[in-house]
Structures are given as C-alpha cells and as structure tokens.
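Visitor: Below is one structure. I have some questions about it.
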Amino acid sequence: MAKEKMASQTEVTPEGALVDVFGRPLRDLRISITDRCNFRCVYCMPKEVFGADHQFLERAEILTFEEIERLARLFAARGVTKVRITGGELLVRKDVEKLIGKLSSIGGLDIALTTNGALLAKKAGSLKDAGQNRVTVSLDSLDDRVFRAMNDVDFPVERVLKGIEAARKAGLSPVKINMVVKRGVNDGSVIPMARRFRAEGTIVRFIEYMDVGTTNGWRMADVVPAAEILEALHREMPLEAVAASYRGEVAGRYRYLGGGEVGVIASVTQPFCGDCTRARISAEGKLYTCLFSARGHDLRALLRSGAGDDELLRSIDAVWGARGDRYSELRASATPGSEKVEMSYIGG
Ligand code: SAM
Ligand code: SF4
Ligand code: SF4
C-alpha cells in the first residue's frame with residue numbers, strides 16, 4: 001500500500017481521476033437497484049433471516065432511474081468508466097430496460113449486469129434492445145438437486161440454462177458465469193461446470209465464499225481456496241496463467257492448454273484491496289467505499305434536498321478522498337461478528 005496522504009485533500013491522477021488515501025483511483029461503480037430477490041441463496045440471503053416478515057425497502061425509499069442516471073453521470077465525471085448494475089436481483093425491478101437505456105446514453109461507460117438468470121429467458125431480448133451488451137449470470141451448480149438447495153426456493157437449474165441460452169441468442173456478449181464455491185455444498189460441481197462451459201466457449205469464474213454481511217454464518221472452513229480449485233481443474237484440464245488485462249482486475253485468469261479460459265476470484269485467500277477501485281451505491285442511495293463497510297454516505301438525502309451537481313461532486317470527492325478501506329487485507333485481525341452491510345443490500 002502507498003503511504004497515506006493527508007485525508008483532507010482531494011487528489012487526482014494525471015488523467016483527472018479521483019484517488020483515495022492509498023492512491024487508488026475511482027474507476028468502477030456498482031449500483032444496487034433493489035434489495036429484493038426471487039432466490040434465497042444460502043450464502044447471501046438465508047431464508048431464516050430473509051423470511052416472509054423481512055422488511056425490504058419501500059418503493060419511495062429506493063433511488064429512481066433518474067436519480068441513478070444523475071449519479072452515474074457525476075461518477076463518470078470523476079473517472080468511473082465501468083458501471084455494474086446489481087442487487088438483490090436486478091431483473092425483478094420493473095422496467096429495468098429503461099435504466100439500461102438511460103445509462104447507455106451517458107456514453108463512455110462500460111455497463112455490466114450481474115443476474116441470477118431466473119428471468120433472463122424473458123428479459124434477454126429487451127435488455128439487448130435497450131443497448132445492453134454483456135451479462136454475468138450467477139450459477140452455482142449444474143446438478144439440479146444441489147442448485148435447488150443453494151437457491152433455497154427450489155428453482156430448477158434448467159431455467160437458468162435456458163436464460164443463458166436466450167442471452168446468447170439475443171446477442172448479449174460476452175455471457176460470463178460466476179459460481180460461488182462452498183465446501184461440502186457445491187465443490188463437487190466445479191469440474192462439471194468447467195467442462196460444460198469450456199465446451200460452450202463461455203468463461204466461468206469460481207468465487208471464494210466470502211464473509212460478507214452478518215447473516216450467512218460464514219466460517220473459514222467453508223471456503224474452498226482458489227488455489228485448491230485451480231489444482232483440481234489443472235489435474236483434469238491443464239492450465240496456464242494469463243496476464244491480467246488491466247490493473248485492478250479481480251479475477252485471476254487462466255487458459256486451458258487445449259483452448260478456452262477460466263477465472264478465479266480469491267477475495268479471501270489472496271486479497272486485492274491494493275488495487276480496489278470500486279465504489280458501491282445501495283438501492284436507497286448510500287455510497288459505500290468497501291463491500292465490508294458498516295455505514296454508507298447518504299447521497300439520496302442530498303439528491304432529494306435539491307443539491308446541485310457541484311455539491312454532489314464535493315460530497316463524492318470527500319468520501320473517496322478519505323477512503324482507507326482494505327478489509328480483506330485485515331480480515332485475519334478483524335473482529336468476527338463486526339458490523340457489516342449485507343451483500344443483497346449493497347450488491348456483489
Ligand atoms: N442476484 C444477482 C446474482 O446473484 O447474480 C446479483 C446480486 S449478488 C449479491 C452478486 C454476486 O454476489 C453473485 O454472483 C453472488 O453469487 C455473489 N455472492 C453473494 N453472496 C456471496 C458470498 N457470501 N461470497 C461470495 N460471493 C457472494
Ligand atoms: Fe439473490 Fe443474488 Fe443473493 Fe442469490 S446471490 S440471494 S440471487 S442477491
Ligand atoms: Fe475493495 Fe473492500 Fe474488497 Fe478490499 S475488502 S477489495 S477494499 S471492497
């Protein structure tokens with residue numbers, strides 16, 4: 001980590017991008033557009049916590065598409081080049097295509113989506129028509145029994161596979177797959193997933209199970225380290241490392257010797273805070289500078305108080321300029337059970 005600068009100053013890179021106390025520029029913005037979801041993945045929204053009486057945000061509490069577009073423009077002015085729309089499950093929000101259209105009109109932004117794929121068969125065509133190019137689908141197993149147990153709403157894997165197929169047919173490209181690996185639950189699905197998607201020319205990224213939020217009962221023993229996943233893959237299908245395509249790329253990239261690519265995201269065993277350029281906005285408009293933050297900065301209050309762009313930009317500058325987060329690097333010494341925001345609220 002670079003030496004800390006004085007927290008009160010706002011610094012910029014030679015290209016004008018805002019940097020934090022460790023010199024990390026603001027490049028990526030993840031926007032959660034809903035805290036609701038049609039799945040109850042055991043590692044994210046356990047049913048016992050997110051049950052029938054769980055209080056989700058009211059409609060009036062979540063940012064409107066106009067508010068999201070305004071913020072995206074301001075963040076783009078501060079150096080953001082990539083926006084990922086996430087949730088909860090973003091496709092459950094009505095008219096999400098309208099938001100894609102608005103964000104596409106900003107220009108110069110790479111717009112990505114992460115979805116559980118349940119509604120993708122229905123939505124792929126309209127997303128493409130709205131200007132969306134790529135899509136990331138989360139899929140934790142090809143084994144229907146394992147998949148149903150992980151999403152915990154008995155959702156069949158076949159319907160997600162149909163969604164992936166529909167995305168390809170609609171011309172969404174690339175389609176990438178994310179799989180969270182939990183020991184003893186879906187680690188047996190790693191090789192079948194790798195084989196199938198390699199054959200289809202689709203990149204799968206295997207993600208270490210993280211201690212996000214406070215409700216998933218995370219234990220280090222449930223994490224399958226990326227190194228172990230790579231060894232298992234290499235035994236079946238020999239691999240070689242590929243250089244990162246840009247600084248701050250979170251996935252370690254590998255090439256199968258016979259062709260095709262695969263990735264691992266080792267957020268627990270090989271933290272990458274030093275290159276973390278991501279800000280996150282929750283569905284109710286709070287700005288978080290780390291996935292593991294306890295508190296966010298209320299941009300919605302500013303937006304709805306009639307603040308001008310200058311005031312909003314000053315606020316963004318102050319928050320990013322003071323950012324010193326590096327939770328994953330400190331994880332070993334962090335207090336278990338410390339206050340942290342939930343993944344379904346802040347987005348992955
Ligand atoms: N609902 C969408 C989905 O599942 O793709 C978007 C939101 S979800 C919170 C974003 C990503 O975070 C998904 O790929 C999900 O698998 C991942 N995720 C959720 N909880 C996680 C955890 N505890 N550890 C690692 N990844 C997690
Ligand atoms: Fe929903 Fe995505 Fe969380 Fe699963 S990982 S519960 S699909 S938000
Ligand atoms: Fe970025 Fe926080 Fe994750 Fe580190 S722990 S990589 S700072 S989000």
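Visitor: Okay, helix-only estimate at 222 nm for the chain: each DSSP H run of n ≥ 4 adds -39500 (n - 2.57), divide by all residues, round to 500 deg cm²/dmol; what do you get?
Guide: -8500 deg cm²/dmol
Visitor: Calculate, in nm to one decimal, what Asp129 and Ala243 gain on full extension: separation in residues at 0.36 nm each, minus their alpha carbon distance.
Guide: Using 0.36 nm per residue and subtracting the Cα-Cα distance, I get 37.7 nm.
Visitor: Just for the chain, what percent of DSSP beta bridges are antiparallel, to the closest 5?
Guide: 35
Visitor: Angle check, please: helix 65-77 long axis (alpha carbons) against the longest principal axis of the chain (alpha carbons), in degrees 0 to 90, nearest 10.
Guide: Result, in degrees: 80.
Visitor: Between segment 196-240 and segment 93-156, what's the alpha-carbon centroid distance in Å?
Guide: A separation of 21 Å, based on Cα centres.
Visitor: At a 10 Å Cβ-Cβ cut-off, how would you order Thr289, Thr64, fewest neighbours first?
Guide: Ascending number of Cβ neighbours within 10 Å: Thr64, Thr289.
Visitor: A further question on this structure: Order of Tyr246, Tyr327 from fewest to most other C-beta atoms within 10 Å?
Guide: Sorted ascending by nearby Cβ count, the order is Tyr246, Tyr327.
Visitor: Using the count of nearby Cβ atoms within 10 Å as a rough guide to exposure, how do Cys276, Cys41 rank from fewest to most?
Guide: Neighbour counts put them in this order, fewest first: Cys41, Cys276.
Visitor: A follow-up question, please. Could you tell me which of Met237, Asn178, Phe75 has its Cα farthest along the dipole of the chain towards the positive end, charges placed at Cβ (Lys, Arg +1; Asp, Glu -1), taken about the Cα centre?
Guide: Toward the positive end, the furthest listed residue is Met237.
Visitor: Okay, moving on. Just going by the charge dipole of segment 137-250, with Lys and Arg at +1 and Asp and Glu at -1 on Cβ, which of Ala227, Leu161, Leu139 is farthest out on the positive end?
Guide: Ranked along the dipole, the leading option is Leu161.
Visitor: Still on this structure, I have one more. Add +1 for every Lys or Arg and -1 for every Asp or Glu among the other residues with Cβ under 10 Å from the Cβ of Val83, and state the total.
Guide: Computed value for this residue: +1.
Visitor: Further, regarding this structure: If I take every Cα pair under 8 Å that is 6 or more residues apart in the chain, average their sequence separation and divide by the length, what percent do I get for the relative contact order?
Guide: Relative contact order comes out at 22 percent.
Visitor: Between the helical axis of 309-321 and the dominant principal axis of the chain, each derived from Cα atoms, what acute angle in degrees is found, rounded to the nearest 10?
Guide: So the inclination is approximately 60 degrees.
Computed from the coordinates by the stated procedures, all read-outs in this text should not be read as laboratory data. Owing to the predicted nature of the structure, the values given are computational and were not obtained by experimental measurement. All Cβ positions, even for glycine, are placed from backbone atoms using ideal geometry, and neighbour counts span all protein chains on display.
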